[in-house]
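The values are calculated or read from the model by the stated rules, or taken from the named source; none is laboratory data. Keep in mind that what you see is a predicted model, and the values were worked out from it rather than measured. So basically every Cβ, Gly included, is an ideal-geometry build from the backbone, and we count neighbours across all protein chains shown.
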Amino acid sequence: MNTAQKELIKATIPILRTGGEALTAHFYDRMFRHSPELKEVFNMGNQANGKQKMALANAVLAYAENIENPEVLINVLKGIGSKHTSLNIKPEHYKIVGTHLIASIEEVIGHLATSEILEAWTIAYNQLAAIMINLEENIYQENKQKSGGWIGWRKFIIKKIVEESTEIKSFYLYPEDGKSVADYNPGQFVSVQVYVPELDLLQPRQYSLSSAHNSDHYRISVKKESSINDNPAGIVSNTLHSKLEGDSVMLSSPAGIFFHNKESNEPIVLISGGIGITPMLSILETNKIKVEKSKTVWIHSCRNQSVQAFNNDVETIDKDADWLRTFVFYEDIEESELRENVIKGRIDLEICKDSILLDKARYYICGPELFIKAQYNSLLNLNVDKENIFYEEFSPGLINLN
């Protein structure tokens, strides 16, 4: 890409800042009309609530703003690539996306989309696509070479369902072929594909693995998302909650760049809200079975005890673990049930600061968007280095704090 073409890309930045979401909304509408089969690749829930068009608009803008040095986006691209491989994205998908993205730029921007600008964006997109295809091919090969690893979708049987709370069920998933399953780092996720009758579509969703690894099955723990205000009920979570033992689902290989290194012995601080508990429990259980355990602080927040999952599991680990300190915050709890580590209100890291400010500690945050932002900023206010803060967002990449 030459200097003049990069300048043309940068010239479109003001348009992307003000009209990026209109562009991406047009793009998705156009692409799904021409390639309706891609509705089974994309999260149609995020299409309906607008999160996907917002995420793509942010990504296109970030790429334009960093067109001189796209390498600075490499960590973001790795996260996208990891998500793409969990959805079985292939090079041919990039060709379809590119065709409709460039056409959308022309149709939305109108007379401002000169032939030179369209050519520059075509080259820029192809450059980015090449980076992503190469990155994703490496991930596919790594997955294939793992013991028990695979590429694409693999059928799993739900052999056990456990009600963890009034909202959350755990699903124990065993491969139909009876072979072993791939190892993973605690904190990673799998994509689950199910048929949704209401949409007459297969739909994929990502769910964190909620236990330490074992070689014969995976466990995911899913919150049944109810309709709140303008947000519709979670179509996939509700479909999963209607499943019975013996039913099957399709799974991709474990993926994700949010994880704790199992070999590390540095202190761990785990901060979760609601269903964000799932990757944290995987990290905690993995640490429990290590010979040399890392000092760990567990901080969890939820509305009340009825919706909290895994409280007994964590208390059981805590009972005999001198390496673990726990804090639980409830928005609604009787005064008589409060004790030193059970606190009324939302998470306040000031209360825990004497326990969490540990030398060389790594801080992991998972929960809703506003929760992540609040805890991230609280850690910064406690002078925690942002390089030691990691977060997982259960939505299509709307947060960019690092």
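Just a yes or no: is a residue in region 361-375 of a type outside the set (Lys, Arg) and more than 22 Å from the chain's Cα centre (by Cα)? Outline the logic, then answer.
Just the residues of region 361-375 that are of a type outside the set (Lys, Arg), to begin with: 361, 363-372, 374-375.
Narrowing the set further to residues that are more than 22 Å from the chain's Cα centre (by Cα) leaves 361.
Looking through region 361-375, at least one residue is of a type outside the set (Lys, Arg) and more than 22 Å from the chain's Cα centre (by Cα).
Can you go through 97, 72 and tell me which one is under 27 Å from the mean Cα position of the chain (by Cα), over 24 Å from residue 196 (Cα atoms), at pLDDT below 90 and of a type in the set (A, V, I, L, M)? Please lay out each step first, then the result.
Working: 97 fails: at pLDDT below 90.
Matching residue, one of 97, 72: 72.
Taking region 327-355 as the search range and keeping residues that are of a type in the set (Val, Ile, Thr) and buried (at least 20 other Cβ atoms within 10 Å of the Cβ), which one is nearest to the chain's Cα centre (by Cα)? Don't jump to the end; show me each part of the working.
Restricting attention to region 327-355, the residues satisfying the condition of being of a type in the set (Val, Ile, Thr) are 328, 333, 342-343, 347, 351.
Filter once more, so that each one left must be buried (at least 20 other Cβ atoms within 10 Å of the Cβ): 328, 347.
Details: 328: 23, 347: 22 Å.
Among residues in region 327-355 that are of a type in the set (Val, Ile, Thr) and buried (at least 20 other Cβ atoms within 10 Å of the Cβ), the one nearest to the chain's Cα centre (by Cα) is 347.
With the condition being touching a residue at least 12 places away in the same chain (Cβ under 8 Å), in contact with a Gly (Cβ under 7 Å, 6 or more places away or on another chain) and surrounded by 20 or more Cβ atoms within 10 Å (Cβ to Cβ), I'd like the helices (runs of 4 or more DSSP H) fully within region 1-110 carrying at least 2 qualifying residues. Don't jump to the end; show me each part of the working.
On the way: elements: 3-11, 13-34, 44-49, 51-65, 74-86, 91-109.
In region 1-110, the matching helices (runs of 4 or more DSSP H) lie at 51-65.
Suppose the filter is within 17 Å of residue 87 (Cα to Cα), surrounded by 22 or more Cβ atoms within 10 Å (Cβ to Cβ) and not polar (S, T, N, Q); does residue 201 pass it?
On the way: within 17 Å of residue 87 (Cα to Cα): yes; surrounded by 22 or more Cβ atoms within 10 Å (Cβ to Cβ): no; not polar (S, T, N, Q): yes.
Spelling it out, it is not the case that residue 201 is within 17 Å of residue 87 (Cα to Cα), surrounded by 22 or more Cβ atoms within 10 Å (Cβ to Cβ) and not polar (S, T, N, Q).
Check whether at least one residue in region 170-183 is closer than 24 Å to residue 393 by Cα, in the same structural domain as residue 242 (by TED's automatic domain parsing) and touching a Gly at 6+ places or on another chain (Cβ under 8 Å), and report yes or no. Steps first, answer last, please.
Of region 170-183, the ones closer than 24 Å to residue 393 by Cα are 170-173, 182-183.
With the extra rule that they be in the same structural domain as residue 242 (by TED's automatic domain parsing), the set shrinks to 170-173, 182-183.
Now drop any that are not touching a Gly at 6+ places or on another chain (Cβ under 8 Å), which leaves 182-183.
Yes - at least one qualifying residue is present in region 170-183.
Condition first: polar (S, T, N, Q), closer than 25 Å to residue 262 by Cβ and touching a residue at least 12 places away in the same chain (Cβ under 8 Å). Now tell me which residues in region 287-339 satisfy that. Lay out the reasoning, then the answer.
In the first step, residues of region 287-339 are kept if they are polar (S, T, N, Q); the result is 287, 294, 296, 301, 304-306, 308, 311-312, 316, 326, 336.
Right, trim to closer than 25 Å to residue 262 by Cβ and you get 287, 294, 296, 311-312, 316, 326.
Answer for region 287-339, where residues must be polar (S, T, N, Q), closer than 25 Å to residue 262 by Cβ and touching a residue at least 12 places away in the same chain (Cβ under 8 Å): 287, 294, 296, 311, 326.
Within region 111-123, which residues are at pLDDT below 95 and surrounded by 18 or more Cβ atoms within 10 Å (Cβ to Cβ)?
Matches in region 111-123: 113 only.
Go through region 249-308 and give me each residue that's among the β-branched types (Val, Ile, Thr) and in a loop (DSSP other than H, G, I, E, B).
Filtering region 249-308 down to residues among the β-branched types (Val, Ile, Thr) leaves 249, 257, 268-269, 271, 275, 277-278, 283, 286, 289, 291, 296-297, 299, 307.
Of everything in region 249-308, those that are among the β-branched types (Val, Ile, Thr) and in a loop (DSSP other than H, G, I, E, B) turn out to be 257, 291.
Is it fair to say residue 310 is within 21 Å of residue 170 (Cβ to Cβ), in contact with a helix residue (DSSP H, G or I) (Cβ under 6 Å, 6 or more places away or on another chain) and aromatic (Phe, Trp, Tyr)? Walk me through it before giving the result.
Numbers: within 21 Å of residue 170 (Cβ to Cβ): yes; in contact with a helix residue (DSSP H, G or I) (Cβ under 6 Å, 6 or more places away or on another chain): yes; aromatic (Phe, Trp, Tyr): yes.
Taking the combined requirement at face value, the residue satisfies it.
Specify which of the listed residues (211, 226, 221) is in a loop (DSSP other than H, G, I, E, B), at pLDDT 95 or above and either polar (S, T, N, Q) or farther than 26 Å from residue 262 by Cα (or both). If you could, list the steps in order and put the result at the bottom.
Numbers: 226 fails: at pLDDT 95 or above; 221 fails: in a loop (DSSP other than H, G, I, E, B).
Sole residue among the options that is in a loop (DSSP other than H, G, I, E, B), at pLDDT 95 or above and either polar (S, T, N, Q) or farther than 26 Å from residue 262 by Cα (or both): 211.
What are the residues in region 143-162 that are at pLDDT 95 or above, over 23 Å from the mean Cα position of the chain (by Cα) and of a type outside the set (A, V, I, L, M), if any?
Those that are at pLDDT 95 or above, over 23 Å from the mean Cα position of the chain (by Cα) and of a type outside the set (A, V, I, L, M): 159, 160.
Which of the following residues is within 22 Å of residue 95 (Cβ to Cβ) and basic (Lys, Arg): 10, 39, 51, 6? Reasoning before the result, please.
On the way: 10 fails: within 22 Å of residue 95 (Cβ to Cβ); 51 fails: within 22 Å of residue 95 (Cβ to Cβ); 6 fails: within 22 Å of residue 95 (Cβ to Cβ).
Testing whether each residue is within 22 Å of residue 95 (Cβ to Cβ) and basic (Lys, Arg) leaves just 39.
Taking residue 383, is it at pLDDT below 95, more than 21 Å from residue 49 (Cβ to Cβ) and not in a helix (DSSP H, G or I)? Reasoning before the result, please.
On the way: at pLDDT below 95: no; more than 21 Å from residue 49 (Cβ to Cβ): yes; not in a helix (DSSP H, G or I): yes.
Answer is no for this residue.
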